[in-house]
Amino acid sequence: MQKEEHPNRHKRQVVQGADMVLNEDQRWSLVDLLAKQTISAGTYKQTVWDVIGELTVKPLTGIPVAFAVLYAFWSVFGSFAGALCTDGFFVKFFDNHFLPWMQAIWPDPNSILYFLFVGDPLADNCFEAFGVLTSGLFIAIGVVLPAVLIFYLMMAILEDSGYLPRLAVLVDTLLHKMGLHGYAIVPTILGLGCNVPAITATRILETKKQRFIMMTLLAIFVPCGAQLGIMLEVIPESVGYVMLFLLIGYVVFGYLLSKIVPGTNPEILIDVPPYHMPQRANITKKLWMRTSGFIINAVPFVLLGVLFINLLYIGGVIQWLSDVFAPVFVHWFGVPKETAGPLIAAFLRKDLAVAQLSNIEMTQYQMISAVVLISIYFPCVATFVVMLKEGWKELLAAVGVLFAVAFIYGGIIHAIGILLGVA
Amino acid sequence: MNTEHNTAQIYIAALGLVTMILGLVDILVWIGFTGGIEFGIMGIAGDDFFRWAWGGLVVFLGGALMLSGCRNVGNIQEFSKVLLGAALVWTIAACDIFAMICENIPAGEEAPEFLNSFAGFVGGFAPPYAPAVILLPFTLVIAYFFYAWGFADES
Amino acid sequence: MSKKAAKILLVGNPNVGKSVIFNRLTGSDAVVSNYPGTTVDYTEGTFISGKQEYTVIDVPGAYSLEARDKAEEVAVRMLHEHRDATVVVVLDATRIERGLYIALETIEMGRSVLIALNMIDMAHDRKISVDDRKLQKLLGVPVVPLTAITGEGIMQLSDMIRKAQASDVKDILARAEGRASEPAQASGCAGC
Ligand SMILES: Nc1nc2c(ncn2[C@@H]2O[C@H](COP(=O)(O)OP(=O)(O)O)[C@@H](O)[C@H]2O)c(=O)[nH]1
Ligand SMILES: [Mg+2]
C-alpha cells in the first residue's frame, strides 16, 4: 500500500500471453539490470514539499490535513454558490424581476400553457411557481450552475494537485473494513461532483466485487454537486444532518455489502504521484469542458423535468401515486404523501426533486428524511445510463440492493426520529 | 543551534499553544452555546457546527502540529510539521476572508440593487474577526522562516 | 492523404503523461489529472507527420498486460485489436522501472515499439538522470526523451514514430547481462 518498487512482484500471473518469452521473475530481473545500467541518481536533497507529501499520508498528520481540505471545500462552495451567486444575485433577479415579468407578459393565467411554463400565478418566488421557465430556469441557472461551477473548479484543483491518491492511502485501512480498497475514495469524491464520471472511475478497482459495491454505494449514498447546491439553498440548516445520514448509510451498508457480495477484496498498491502545482491551462480547460457539458446536458433536463412533472400533475398521475403509496410514505417513512411527486422528479434530476420538496409543508425532520430518501431511492437517469454501460446484470443487482436499502434505511430513519421524539 | 532558531522556537511554541487554545475555545463556545463571545476585535459566534466545531478542530490541530514540530525547527522534518500546522490555520482564515468577500459583494437581501456600495463593501470587513483570521499575521511569520532559512530553495 | 492512416497506441503506467502527450500530438481534449486512473477508456485522435496521417489511441494506464483491473483489460484488448499498430510506451523518467516492465512485455509480443521517456523536467529537479542513448542501445528500440507538459521533445517524438521497430527480448537480455556487445548497426536500432 505504500510506494513500492515493483507492484506486480507478488501477484499471480493471470494471463500469460502465448507470445511471452520471459516469465514474471525473469522480466523483473531484466528490468533491474536495465535500470542499473541507465539510471544514475545524484544526491537529492529532500525538500519541504517532499516531507509534507509524506506527512499528508501518515494518519497522525494526514487526518488533520484531510479535515482542513474538506472544510475548505465546503466553505468555499457555500460562500461562492450560496452567499455570492444564488442568495446575493440570482434569488433577487428571479424573484423580483424575472418572475413578475413572466407573470405579467404570459397571457391567460388560467390556461394550461401558463400552468406549464409560468406555474402558479400567485407565487412570489421561483421555488413555488414551478413553471418550466420560472422554477426550471431558476433551479438550473440560478442555483445549480454556480454550485457545479465552483465544485468543478475545486475538483479540478484536487485532481491535478495529486492529493486524491494520498487521501486514498490515508483511508485505506478504514475502507478495507468495508470491503473496499482505499482507492474507492477517489470515485466517492468525484461522485460529489457528479455521479456519472464517478461510476466510470470505479473501473480502477480490481475485482467485480469492489466495483459492484462501489457503484451501488455511489448510486445510493453519494449526493452530487447539483444536489448539494440545491440543498444548501433549500435546507441550509439541515444539510449537515442529511450528510450525516448518508455517511452512516455509506459506511454501514458498505460493510454489510462486503459481507454479502461474493468475491475477493485484494490489496492493491496505490501509486502516489508527486504533488504538482495545478496548471492554469489544464484547470480552465477541464472547467470549461465540464461546465459546458452541464449546460448542454443538464439544463435541458431540468426544464424538461419540470414540464414532465407538471404534465403528470395535470394528468392526475401524481395525485394517484400519492394516494396509492400514502400508507408507505406516511407510516413507514414518516413523510407526507405528497413526497411522491418529488420522488418521480428525482429520477430525472435530484436537484429538481429537492427544490420541489421545499413546496411541501412538513417538519424539519420530515424534510431531512425526505431529502435522504430522494438521495438514496434511485439514481438519476444519467447515472442509470452509465451504470447500464458497465453491465446490465450489475445494474439489476444494484437496483435490487437499492430498493431494499432505501426501504430499510428509510424506515430506520423514521424509527430514529420516533425515538428522538422529533418525527 | 543558533540563537535565531532558539528565539524562533520559543515563538513557534507560544504561537502553537495559543492556536490550540483558540481552536479549543471555538469548539467549547459551540458546545456551550454561550451565545458567542467577543474579546477586543476577536469574536467567536459559535452558532454553527461547521464553522466552529469543525473549523475550530482544524485550528486546534494546526496549533498541535506547530507545537509538535517546534523543538527542532532547523530540521526539515520538524519544520515541515510547523509549516503544515500554519497552513491549516491559513486555510481556515482564507475561507473566512473569502466568505466575507462573497457576502459583501452583493447588496443586502432587502436592498433593491444588486451590487453593494463601495462603503458597504468595505464596511463588511469590520471586526470582530474569528480567531483564525487574527492568527493569520502571526502565523505568516512561519512563511517568512520558510524563505529566510532557505527551505524554499530548490535543491 | 494518399496513404492509409497508420495506428499508434500510447501505452504505459497510469499517470505517466500519456494523455498530455496525446493532447499535444492531436490537439484533443483528453482529460488530464494527477492521479492514476484518470483515463479508464480509450480516446482516439489523429495527427499528420511527414505526409503520413496517424490515428493515435490514448490507452488506459496499465502496470502490466495481465489485465488485473478493468482499465488494464481495455489496454490489453486494444493491443490485441490493433495488431498492426505502432506502440509508443510512455515511461516516467523519475520511476522508469515500473514502466520498463510493460515495455518489455510489449516488446515480447513482437510489436513495433518506441519509448517516450517523459517527465524529464521532473527527473532533472530530482537529480535523476536516465541515459537514454544507453537505454536505446540495450533495448534496441528508439528512445525519445521529452517533457510533455511543456511540449519539449514532442516534435522529435512525432518524427521518430516511423522509426519504431521490433526487438528481440533474448538479445536485450544478452546485452543487459553484458554477454553480447552493443548491437551491430544492422540488427540493433537502425537509424536511431
Ligand atoms: N512535470 C511534468 N508533469 C507532467 C508531464 N507530463 C504529464 N505530467 C503531469 O502528470 C500527470 C498525469 O498526466 P496524464 O497525462 O493524465 O497521465 P496518464 O494517466 O498517463 O494519461 C498530470 O498531472 C500532468 O500534468 C511532464 O512532462 N512533466
Ligand atoms: Mg490519461
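The values are calculated or read from the model by the stated rules, or taken from the named source; none is laboratory data. Computed from a predicted structure; not experimentally measured. Counting neighbours? That spans all protein chains shown, and the Cβs are built from the backbone with ideal geometry, glycine included. Remember, those area values only see protein heavy atoms, side chains included, never the ligands or the DNA or RNA. Shrake-Rupley method; radii C 1.70, N 1.55, O 1.52, S 1.80 Å.
Quick notes
- Every residue from the range B:123-137 that is crowded, with 21+ Cβ neighbours inside 10 Å and assigned to a loop (DSSP other than H, G, I, E, B): B:130
Yes or no, residue by residue, for (1) farther than 24 Å from residue A:276 by Cβ; (2) within 14 Å of chain C (Cβ to nearest Cβ):
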residue	(1), (2)
A:190	no, yes
A:212	yes, yes
A:219	yes, no
A:224	yes, no
A:228	yes, no
A:247	yes, no
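- Residue count, the range C:71-90 (criterion: open to solvent by less than 10 Å² (accessible area, probe 1.4 Å) and in a loop (DSSP other than H, G, I, E, B)): 1
- Residue within the range B:110-121 that is outside any helix (DSSP H, G or I) and within 22 Å of the chain's Cα centre (by Cα) present: no
- Meets criteria (within 12 Å of ligand 1 (Cβ to nearest atom) and either on the phi < 0 side of the Ramachandran plot or touching a residue at least 40 places away in the same chain (Cβ under 8 Å) (or both)) for residue C:54: no
- The range C:147-167, subset without any contact (Cβ under 8 Å) to a residue 40 or more places away in the chain and crowded, with 17+ Cβ neighbours inside 10 Å, residue nearest to ligand 2 (Cβ to nearest atom): C:147
- Some residue of the range C:103-112 being on the phi < 0 side of the Ramachandran plot, more than 11 Å from ligand 2 (Cβ to nearest atom), part of a helix (DSSP H, G or I) and away from chain A (no Cβ under 12 Å): no
- From the options A:283, A:260, A:235, A:270, residue that is free of Cβ contacts under 8 Å to residues at least 24 places away in the same chain, hydrophobic (A, V, I, L, M, F, W, C) and out of contact with any strand residue (DSSP E or B) (no Cβ under 6 Å at 6 or more places or on another chain): A:260
- Condition check for residue A:32: among the acidic types (Asp, Glu), farther than 24 Å from residue B:147 by Cβ, within 9 Å of chain B (Cβ to nearest Cβ) and not in a loop (DSSP other than H, G, I, E, B): no
- Neighbours by Cβ (under 8 Å, 6+ apart or cross-chain): first from the range A:89-117, at positive phi; second in a helix (DSSP H, G or I): A:108/A:114
- Every residue from the range A:315-339 that is within 15 Å of residue A:369 (Cα to Cα) and either in a helix (DSSP H, G or I) or in contact with a strand residue (DSSP E or B) (Cβ under 7 Å, 6 or more places away or on another chain) (or both): A:328, A:329, A:330, A:331, A:332, A:333, A:337, A:338, A:339
- Hits in the range A:107-163 (condition: touching a Gly at 6+ places or on another chain (Cβ under 9 Å) and within 16 Å of ligand 2 (Cβ to nearest atom)): A:162
Condition check ((1) within 15 Å of ligand 2 (Cβ to nearest atom); (2) not charged (D, E, K, R)) across all residues:
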site	(1), (2)
C:7	no, no
C:15	yes, yes
C:26	yes, yes
C:29	yes, no
C:40	yes, yes
C:56	yes, yes
C:63	yes, yes
C:74	yes, yes
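- Those helices (runs of 4 or more DSSP H) lying entirely in the range A:163-275 with at least 2 residues under 30 Å from residue A:48 (Cβ atoms): A:163-170, A:172-177, A:185-193
- Boolean, residue C:42 is of a type in the set (Phe, Trp, Tyr), surrounded by fewer than 23 Cβ atoms within 10 Å (Cβ to Cβ) and within 15 Å of ligand 1 (Cβ to nearest atom): yes
- Condition check for residue C:49: out of contact with any Cys (no Cβ under 7 Å at 6 or more places or on another chain), more than 7 Å from ligand 1 (Cβ to nearest atom), open to solvent by less than 30 Å² (accessible area, probe 1.4 Å) and modelled with pLDDT under 90: yes
- Residue match in the range C:4-13 (condition: away from ligand 1 (no atom under 16 Å from the Cβ) and open to solvent by 40 Å² or more (accessible area, probe 1.4 Å)): yes
- From C:75, C:30, residue being under 24 Å from residue A:205 (Cα atoms) and near ligand 1 (Cβ under 8 Å from one of its atoms): C:30
Conditions tested, residue by residue: (1) over 13 Å from residue B:19 (Cα atoms); (2) facing chain A (nearest Cβ under 9 Å); (3) charged (D, E, K, R).
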site: B:49; (1), (2), (3): yes, yes, no
site: B:61; (1), (2), (3): no, yes, no
site: B:66; (1), (2), (3): no, no, no
site: B:72; (1), (2), (3): yes, no, no
site: B:82; (1), (2), (3): no, no, no
site: B:87; (1), (2), (3): no, yes, no
site: B:92; (1), (2), (3): no, yes, no
site: B:95; (1), (2), (3): yes, yes, no
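- Some residue of the range A:68-85 being open to solvent by 10 Å² or more (accessible area, probe 1.4 Å), facing another protein chain (nearest Cβ under 7 Å) and under 30 Å from residue C:126 (Cβ atoms): yes
- For the range A:181-236, a residue qualifies if it is polar (S, T, N, Q), open to solvent by 10 Å² or more (accessible area, probe 1.4 Å) and over 23 Å from residue A:371 (Cβ atoms), and the qualifying residues are A:200, A:207.
- None of C:120, C:107 is touching a residue at least 60 places away in the same chain (Cβ under 8 Å) and either more than 10 Å from ligand 1 (Cβ to nearest atom) or more than 10 Å from the chain's Cα centre (by Cα) (or both) except C:107.
- For residue A:54, the conditions (1) more than 7 Å from every other protein chain (Cβ to nearest Cβ); (2) modelled with pLDDT of 95 or more all hold with the exception of (2).
- Taken over the range C:117-172, residues that are assigned to a helix (DSSP H, G or I) and not β-branched (Val, Ile, Thr) amount to 23.
- Residues satisfying the stated conditions in the range B:1-42, i.e. in contact with a strand residue (DSSP E or B) (Cβ under 7 Å, 6 or more places away or on another chain) and among the β-branched types (Val, Ile, Thr): B:25, B:29, B:37, B:41
- Residue A:330 being under 26 Å from residue A:244 (Cα atoms) and either out of contact with any Lys or Arg (no Cβ under 6 Å at 6 or more places or on another chain) or free of Cβ contacts under 8 Å to residues at least 60 places away in the same chain (or both): yes
- Any chance residue C:119 is on the phi < 0 side of the Ramachandran plot, more than 9 Å from chain A (Cβ to nearest Cβ) and at pLDDT 90 or above: no
- Within the range B:73-104, tally of residues that are assigned to a helix (DSSP H, G or I), open to solvent by 10 Å² or more (accessible area, probe 1.4 Å) and touching a residue at least 40 places away in the same chain (Cβ under 8 Å): 3
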